[in-house]
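Below is one structure, written out as structure tokens; comments come after it.
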Amino acid sequence: MDNKKYVYLFSEGNASMRNLLGGKGANLAEMTNLGIPVPKGFTVSTEACNKYYDDGKMISKEIMTEVEEKMVQLEEITGMKFGSLDNPLLVSVRSGARVSMPGMMDTILNLGLNDETVEVVAKKTNNPRFAYDSYRRFIQMFSDVVMGVEKRLFEKLIDEAKERKGVQYDTELDCNDLKELVLKFKELYKKEMGENFPQDAKTQLIDAITAVFRSWDNPRAIVYRRLNDIPGNWGTAVNVQQMVFGNKGDTSGTGVAFSRNPSTGEKKLFAEYLMNAQGEDVVAGIRTPQPISKLKDDMPEIYDQFVKIVDKLEKHYKDMQDMEFTIEEGKLYFLQTRNGKRTAQAALKIAVDLVAEGMLTKEEAILKVEPKQLDSLLHPTFNAKELKSAEVIAKGLPASPGAACGKIAFTAEEAKERSDAGEDVVLVRLETSPEDIEGMIAAEGILTVRGGMTSHAAVVARGMGACCVAGCGDIKVNEETKTMSVNGKVYGCEDYISLDGNTGNVYGQAISPEEPQISGEFATFMSWADEIRALKVRTNADSPRDARQAVKFGAEGIGLCRTEHMFFAEDRISAVREMIVAKNVEERKKALEKLLPMQREDFIGIYEAMEERPVTIRLLDPPLHEFLPHDDEDIRDLAKEMGLTFEDLKNTVESLHEFNPMMGHRGCRLAVSYPEIAEMQVRAIIEAAICVKEKCSYNIIPEIMIPLVGEVKELKFVKDIAVKVADEIIKEKGTDMKYLIGTMIEIPRAALTADEIAKEAEFFSFGTNDLTQMTFGFSRDDAGKFLNDYYERKIYESDPFSKLDQNGVGKLVEMAAVKGRSTRPNIKLGICGEHGGDPSSVEFCHNIGLNYVSCSPFRVPVARLAAAQAQVKNKR
Ligand code: PEP
Ligand code: MG
């Protein structure tokens, strides 16, 4: 017995208890305290979920007892009795993690119904149709969610019932039809499960709570967590809440509301509802909901009360709210509120507006936008010219902005497969469900036939920043033949379509997506991020074009220029190859002489693009075999072209062969063997810097970076070469240019001996790609093949190559930073591995006091915002 409390009445909690009660539970508690009409209930905590897993997927006795005790209290509060024939209490059982994971976990409604209570409910409400409709829904949800009986089998029975009757909608089935359906459902249950549908309410409840705990670890929840950086040990809470019914007839209904428009951010209530329906009908997008303006006409008093509560909640939470509500026979209830998911445009507009409205400070506003969301702002719109002549074949709801173009895929698996194989695909579905998540991630865009702006497809796509058009009823999809038809024209898997997520337009052809334009709010918001952050943000760029793009996105310098990328250019690869096949230093120098002017031009372009911003240029890094062909035919062709014999070139290729090139002859090791390569590159760097300095009067201080160092003497060897060349040129030209020489820390030994290395290095840049590879002993190129097994078996939660492993690799980084500063207190420290653009890794870099992060141009805004958020959360 651990004497811990695991279950809380709503009246015992508040919004600050989110970690314990989950987001939904904490907010239900808060709304209860605010006096908002919330159906009564209690929350089984996230700690109970963790205990369930710790106890080997078992709900312990003490938790069961606590649930029973709370149930008794709930009965007292509501004046109803759970499982009794006298005024039976029915409840919903819903998951609620710390952060909302829409549709990822499970919900069960109408729990407590059985063959007897259904009759009581029928009599009490004088509405037997309602009672049996609720019962058939409960059997269906319980069977699916708790017992794993496929939903499809129940849907089939419903379809058959409608067919027999010759009707189109569920609502056209009468009480007798539903009674019969209940019998059929129970038969199906018995057939699938080998036992009767459980009649005991307490058993139903414990089974349902267990199912919600279990759903925390279902495959789609695991994928969602990985995508959204949600740790597996957070667990989910379970909310048990008195049922209120939106399907009791024409004065009942249910809906979803956003206090501001979640697509545009416009300050205008955005809500949809359905009369005579339960929540799942709205979210599943099976019937198309009404706009809230209609409620104003139909039930003006309820509408007024509704608007007042929405306003109160927004002011209270100081953020746009996403709410679920139900009207039961003319009485309004709020079932949920949370900070609403929104598009990146909406997030920026809302953040900027809330500051203008005096609701938030700039620091608070900075935390309101997910850094990764900014990605979608930087994503394409359609080429205007092509768009002009393109024909709109159908129109749906503009569910999530952006522009997408690809061939059609009709299932999520197919979308993933074809996209993995390099094809651009658009996923077309009747409606999406959470199982489709991987296909939705892989697709360029998502088109659904059914569903409103709050449907699964819409909510998930907005969260991911993916383009989505939903509820496009003009299209007929035949999932069996894998075709869709619009106005008589048929489209198949080989046909292109294009989606405009801003207008909802669907085009039956390919239209090229183009770079986006950035809005005024973006600039305002990002200027606040820049005022706040302590960490500088540089970019990894290898060309003047990338450099200019990055500067537009706010890069403050180049943290990594990989010179090898220039070597692959068509006009220089032959000189590079001459250098590689050279038989002696003289020959090599001759080839390098050809490369020198080209490299100098590269660097001139980059210095000009960056103006006076710092630029770190790395000496050649990859193993030389990468520049040569490998199969005999290509070797033969190249030999001919270079005037060599096949055997000669083949010998060179073989001599360069390595079993593990990533740990082979690369990085500074090349300069140790072939100092002339480093000499040429340093010459190009310094001459280019002097040239641009004189031409543009910029104060340029070149930063020369030596890669893959593991031993200080190795660094010193290459550094001496660089210093000699640089000083000679500076002297020759009679100028006084300063320059820095530093190194990458990307080999564990460099991190371990960073104090020694810092004596020779004026800056460190953490190459966390290689450092991760070498610390884990995972090949950068091959790990992807088996990491999925690690996620499935819950050994790792995320890809250590995209999110820094703070416990392992991070320790090396932190230690090296401390050691480096111990021998060179003002050493400049940065990171240039892929992690430099990952928000949680950026936060880590801020916390350990690095000076800058460096990432690809399109991730620069993400890093700027992540750095500002890190400063707000943890001032330095
Ligand atoms: C690194 O290793 O982190 C790095 C930035 O260098 P590269 O990816 O070029 O090996
Ligand atoms: Mg590297």
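The values are calculated or read from the model by the stated rules, or taken from the named source; none is laboratory data. In this text, all values refer to a predicted model and were calculated from it rather than measured experimentally. Ideal geometry is used to build each Cβ from the backbone, glycine not excepted, and the neighbour counts take in all protein chains shown. All accessible areas refer to the heavy atoms of the entire protein, side chains included, with ligands and DNA or RNA removed. Shrake-Rupley method; radii C 1.70, N 1.55, O 1.52, S 1.80 Å.
How many residues are closer than 21 Å to Phe763 by Cα and among the hydroxyl-bearing types (Ser, Thr, Tyr) when one looks only at region 726-741? Selection size over region 726-741: 1. Taken together, Glu417, Glu514, Glu423 contain a single residue that is over 30 Å from Ala550 (Cα atoms) and open to solvent by 10 Å² or more (accessible area, probe 1.4 Å), which is Glu417. If you go through region 239-253 and pick out every residue that is open to solvent by 10 Å² or more (accessible area, probe 1.4 Å) and closer than 29 Å to Leu20 by Cβ, you end up with 3.
Just so you know, in region 528-571 the residues that are β-branched (Val, Ile, Thr) and closer than 18 Å to Ile704 by Cα include one that is farthest from the chain's Cα centre (by Cα), and it is Thr563. Of all residues in region 603-632, those satisfying the criterion of being touching a strand residue (DSSP E or B) at 6+ places or on another chain (Cβ under 8 Å), under 15 Å from Phe567 (Cα atoms) and within 13 Å of ligand 1 (Cβ to nearest atom) are Ile617, Arg618, Leu619, Asp621. Please work out if Val585 is touching a residue at least 60 places away in the same chain (Cβ under 8 Å), more than 40 Å from the chain's Cα centre (by Cα) and surrounded by fewer than 18 Cβ atoms within 10 Å (Cβ to Cβ). Considered against the rule, which asks whether it is touching a residue at least 60 places away in the same chain (Cβ under 8 Å), more than 40 Å from the chain's Cα centre (by Cα) and surrounded by fewer than 18 Cβ atoms within 10 Å (Cβ to Cβ), Val585 comes out as yes. In region 339-355, is there at least one residue being polar (S, T, N, Q), modelled with pLDDT under 95 and in contact with a helix residue (DSSP H, G or I) (Cβ under 6 Å, 6 or more places away or on another chain)? Yes, because at least one residue in region 339-355 is polar (S, T, N, Q), modelled with pLDDT under 95 and in contact with a helix residue (DSSP H, G or I) (Cβ under 6 Å, 6 or more places away or on another chain).
Scanning region 750-777 for residues that are more than 17 Å from Lys719 (Cα to Cα) and within 14 Å of ligand 2 (Cβ to nearest atom) returns Ala751, Phe766, Gly767, Thr768, Asn769, Asp770, Leu771, Thr772, Gln773, Met774, Thr775. Residue count for region 559-582, restricted to those that are open to solvent by less than 10 Å² (accessible area, probe 1.4 Å) and polar (S, T, N, Q): 1.
For region 211-318, the helices (runs of 4 or more DSSP H) that sit wholly inside it and include 3 or more residues that are under 19 Å from Gly471 (Cβ atoms) are 279-283. The set of residues from region 748-788 being surrounded by fewer than 16 Cβ atoms within 10 Å (Cβ to Cβ), more than 12 Å from ligand 1 (Cβ to nearest atom), over 20 Å from the mean Cα position of the chain (by Cα) and over 25 Å from Arg824 (Cβ atoms) comprises Gly777, Ser779, Asp782, Lys785, Phe786. When you scan region 803-823, do you find a residue that is within 16 Å of ligand 1 (Cβ to nearest atom), surrounded by 21 or more Cβ atoms within 10 Å (Cβ to Cβ), free of Cβ contacts under 8 Å to residues at least 60 places away in the same chain and assigned to a loop (DSSP other than H, G, I, E, B), even just one? So far as region 803-823 goes, yes, one or more of its residues are within 16 Å of ligand 1 (Cβ to nearest atom), surrounded by 21 or more Cβ atoms within 10 Å (Cβ to Cβ), free of Cβ contacts under 8 Å to residues at least 60 places away in the same chain and assigned to a loop (DSSP other than H, G, I, E, B).
Test Ala208 against the criterion of being under 25 Å from Asn127 (Cβ atoms) and surrounded by fewer than 23 Cβ atoms within 10 Å (Cβ to Cβ), and give yes or no. No, not satisfied. Selection of region 166-190 for residues being open to solvent by 70 Å² or more (accessible area, probe 1.4 Å) and farther than 24 Å from Leu274 by Cα yields Glu180, Leu183, Glu187, Lys190.
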